[in-house]
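Novice: Got a structure here, written out as structure tokens. Questions coming.
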Amino acid sequence: MDRPIGMFDSGFGGLTVARATIDLLPAEDLIYIGDTGRYPYGSKPLDDVREYARELARSLVDDYHAKAIVVACNTATAAGLDALRAELDVPVIDVIAPGAHALVRTTTTGRVGVIGTVGTVSSGAYVRAIAAGGAPVTLSSAACPGFVEFVERGQTVGDEVTVLAERLLAPVREADVDALLLGCTHYPFLARTISDVMGQGVTLVSSADETAFAVQHQLAELGLLRSDGRRGTHRFASSGDIDAFRELGRQLLGPELDETEPWPPARGCSVPGTD
Ligand code: DGL
């Protein structure tokens, strides 16, 4: 089908999901919005984040004619997934359920951990997702305030990141987990430091690949996958500084991110490439 996949996050984190989706589904068109003008989501009340998510998803459908929405943000999923699914008439794919599945598949000891923003961890969304799957695992969680800010500044390694990681990851280290889910889409960019702090015996699980598979599965089931064999186009928009988004976004995602447009788009004129 000749319409793009719509994806959003508070900023750069969802680019981990965009990367996996572009790699798995190279024929699909993608429109990604990074809400850098209002980031971070993780420290904000979930009611506010739900309103942002509704606004972004509605725009992806109305302004860019998205055929499906990928909520490439754990905090927005925890805050708004039910509302989005109730309100939108396109499929809405989240990152929490795919991540939870991947986590329980990875563990061999049954002791698993999840790290995320304050909003995600305090919502209990992962506790519910793991319980819904019924796997006999013990889940330990830790909120990691400050990680997202490092990524948004483009600082993904170094002493400051390590010192913060050592403090914030202490509860999941003490719980002796063998698999740790990066329950915030920004965190894969810090994987080197997180892995060093957690040690070799702990497998880091990211929801990005699993979410891309969920997108493929949903689109295939609904007959919405592109089948004309051409390469997809990839567009990126930001509610913040579009030059800064292009510069850091390109480093984090890769060459597909070569232009950034402002979001919201000017109303009353059509968005190029979506007619
Ligand atoms: N990347 C987002 C998440 O997965 C949110 C980060 C933030 O803005 O705090 O939770």
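The values are calculated or read from the model by the stated rules, or taken from the named source; none is laboratory data. Note that the coordinates shown come from a computational prediction; the quantities given were computed from them, not determined experimentally. A quick note on method: Cβ atoms are made from the backbone with ideal geometry, for glycine too, and the neighbour counts reach across all protein chains shown.
Condition check ((1) surrounded by fewer than 18 Cβ atoms within 10 Å (Cβ to Cβ); (2) closer than 30 Å to residue 264 by Cβ; (3) at pLDDT 95 or above) across all residues:
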position: 145; (1), (2), (3): yes, yes, yes
position: 155; (1), (2), (3): yes, yes, yes
position: 167; (1), (2), (3): yes, no, yes
position: 214; (1), (2), (3): no, yes, yes
position: 233; (1), (2), (3): yes, yes, yes
position: 237; (1), (2), (3): no, yes, yes
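Novice: Run down 27, 53, 66 and say which single residue is more than 26 Å from residue 132 (Cα to Cα), touching a Gly at 6+ places or on another chain (Cβ under 6 Å) and crowded, with 20+ Cβ neighbours inside 10 Å.
Specialist: Values: 27 fails: crowded, with 20+ Cβ neighbours inside 10 Å; 53 fails: more than 26 Å from residue 132 (Cα to Cα).
From the options 27, 53, 66, the qualifying one is 66.
Novice: Also: Go through (1) aliphatic (A, V, I, L, M); (2) closer than 16 Å to residue 56 by Cβ; (3) near the ligand (Cβ under 10 Å from one of its atoms) for residue 151 and report which single condition fails.
Specialist: The failed condition is (2).
Novice: Which condition does residue 133 not pass, out of (1) modelled with pLDDT under 95; (2) surrounded by 15 or more Cβ atoms within 10 Å (Cβ to Cβ), if it passes all the others?
Specialist: (2)
Novice: Determine, yes or no, whether residue 188 is in contact (Cβ under 8 Å) with a residue 60 or more places away in the chain, part of a helix (DSSP H, G or I) and touching a strand residue (DSSP E or B) at 6+ places or on another chain (Cβ under 7 Å).
Specialist: Details: in contact (Cβ under 8 Å) with a residue 60 or more places away in the chain: yes; part of a helix (DSSP H, G or I): yes; touching a strand residue (DSSP E or B) at 6+ places or on another chain (Cβ under 7 Å): yes.
When the stated conditions are applied, residue 188 passes them.
Novice: Of the residues 110, 134, which single one is on the phi > 0 side of the Ramachandran plot and touching a residue at least 24 places away in the same chain (Cβ under 8 Å)? Break it down into steps so the answer makes sense when it comes.
Specialist: Numbers: 134 fails: touching a residue at least 24 places away in the same chain (Cβ under 8 Å).
When all the criteria are applied, what remains is 110.
Novice: Report whether or not residue 220 is of a type in the set (A, V, I, L, M, F, W, C), out of contact with any helix residue (DSSP H, G or I) (no Cβ under 6 Å at 6 or more places or on another chain) and not in a loop (DSSP other than H, G, I, E, B). I'd like the intermediate steps shown before the answer.
Specialist: Values: of a type in the set (A, V, I, L, M, F, W, C): yes; out of contact with any helix residue (DSSP H, G or I) (no Cβ under 6 Å at 6 or more places or on another chain): yes; not in a loop (DSSP other than H, G, I, E, B): yes.
For residue 220, the condition - of a type in the set (A, V, I, L, M, F, W, C), out of contact with any helix residue (DSSP H, G or I) (no Cβ under 6 Å at 6 or more places or on another chain) and not in a loop (DSSP other than H, G, I, E, B) - is met.
Novice: Does residue 156 fit the bill of being over 21 Å from the mean Cα position of the chain (by Cα) and β-branched (Val, Ile, Thr)?
Specialist: On the way: over 21 Å from the mean Cα position of the chain (by Cα): no; β-branched (Val, Ile, Thr): yes.
The answer is no for residue 156.
Novice: Are any of the residues in segment 156-169 touching a residue at least 40 places away in the same chain (Cβ under 8 Å), among the aliphatic types (A, V, I, L, M) and part of a loop (DSSP other than H, G, I, E, B)? Steps first, please.
Specialist: From segment 156-169, those touching a residue at least 40 places away in the same chain (Cβ under 8 Å) are 168-169; that's our starting set.
Okay, now just the ones that are also among the aliphatic types (A, V, I, L, M), so 168-169.
Adding the requirement that they be part of a loop (DSSP other than H, G, I, E, B) leaves 169.
Yes - at least one qualifying residue is present in segment 156-169.
Novice: Anything in segment 99-129 that is crowded, with 23+ Cβ neighbours inside 10 Å and β-branched (Val, Ile, Thr)? List them, or say none. Quick ask: steps written out before the conclusion?
Specialist: At the first step, the residues of segment 99-129 found to be crowded, with 23+ Cβ neighbours inside 10 Å are 99-100, 103, 112-117, 119-121, 125-126, 129.
Correct list: 112, 114, 115, 117, 120, 121.
Novice: Across segment 195-204, which residue is nearest to residue 251 (Cα to Cα) among those that are in contact with a helix residue (DSSP H, G or I) (Cβ under 6 Å, 6 or more places away or on another chain) and either at pLDDT below 95 or among the hydrophobic types (A, V, I, L, M, F, W, C) (or both)?
Specialist: As a first pass, look at segment 195-204 and keep what is in contact with a helix residue (DSSP H, G or I) (Cβ under 6 Å, 6 or more places away or on another chain): 197, 203-204.
Then drop every residue that is not either at pLDDT below 95 or among the hydrophobic types (A, V, I, L, M, F, W, C) (or both), which leaves 197, 204.
Values: 197: 24, 204: 22 Å.
Taking the candidates together, the pick is 204.
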